[in-house]
Amino acid sequence: MAGPQGDQRGKVTRTAGDGQPFTVVTSNGAGPRGPLGIALSRRRRVLSRVVMKVLTIMTRHAIALPASRWRTCLRGSVVGLAIWFGKPSSTAQVTVESYTDYASFVTRLGGGGSVTVIGFDDVSTSGDASFSIAADRYKLSDGIVITGEDGQFVSQTFEYASDYPAVSSPNTYAPGPENGSGNTTEATFFVGTTPALVPGFGVFFVDIDFGGPASLTVRDAESAQLATTGSLPNFGNGTQVFRGFVTVEAGDPVAAISSAQMISGSGWPVTAFDGVVLDDMAFGTAVPIPEPSVSALVLGLATLFGLRRRCGGRRAIAR
Ligand SMILES: [Ca+2]
Ligand SMILES: [Ca+2]
């Protein structure tokens, strides 16, 4: 698959409220949403696989069919598949909006009732110590898995209370390992245990003041880059900086973000040259990603069942 740059289409550069440019791209991979709540481009890929499977089955089992029966079977298959998947659209496109203002980000996603916020304040902490949490701590309760480079850690201060003020008290977050150079965190989304897409994701960076690096990048279900802040500049000691992206189709937010990657500072916030912590990871309502294999299996079996009834099955062919 082509890399993120190769997938960029309709590149748009927007200027954030604080004058910092975002690199924002529309994504062929995200695509417009269809009746199943997923991108049509994804459904077209599934459709292609199903059609190939059906044709393989027909070739294997019904090679002896007369031409008229073949045409009938093929026509029925195409009509059935078209009804199932809907008519693909080639005009609608997902674009990405960038936000530097948290309230505007929340409003765009439908208000506070539509936005889930992970503030890490449910973790029992004390003093300057850091506490490890599981990546799936919030998976079933909130629909997000947060995976640090080598573990996930929460603290009230990370030993520098004035540098790392919490956006929501008392805790902030940093990826592990402790005392190491890990600085990357990946967030993925779920409905129950099913992988999901969200229409927006944002996070606060705290204390970018010595060159970071610090950035937020969001990707679609095919891991193609939808948008990135690029490397954020210095904002000063203890500054809380929000960055968020919302994916939009035909003027409305649409679930198209499969993962968000956050880079926070040059390593462990206690020891790094530029320690940066994170707080209040926020995201919109998730939509499950149907498993292609399950969809294809159900559709393939249904189609095969219909074909056997319509075309008479193997025993009928043998006669
Ligand atoms: Ca917090
Ligand atoms: Ca810093």
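Bear in mind that the values in this text are calculations on the coordinates, not laboratory data. Note that the coordinates shown come from a computational prediction; the quantities given were computed from them, not determined experimentally. Note that each Cβ is placed from the backbone with ideal geometry, even for glycine, and that neighbours are counted across all protein chains shown.
Compute the length gained on full extension between Lys53 and Gln261: take 0.36 nm times their separation in residues and subtract their Cα-Cα distance, giving the result in nm to one decimal.
Between Lys53 and Gln261, full extension yields 71.3 nm more.
At 0.36 nm per residue, and after removing the present C-alpha to C-alpha distance, how many nm does the segment from Val191 to Asp252 gain when stretched out fully?
19.9 nm
How high is the relative contact order of segment 96-288, in percent, with contacts defined as C-alpha pairs under 8 Å that are six or more residues apart?
29
Between Ser181 and Thr271, what is the spin-label point distance in nm, taking each point 7 Å from the Cα along the Cα→C-beta axis?
With each label placed 7 Å out from Cα toward Cβ, I get 1.2 nm.
Counting Lys +1, Arg +1, Asp -1, Glu -1, what net charge surrounds Leu109 among other residues with beta carbon under 12 Å of its beta carbon?
Residues close to Leu109 contribute a combined charge of -1.
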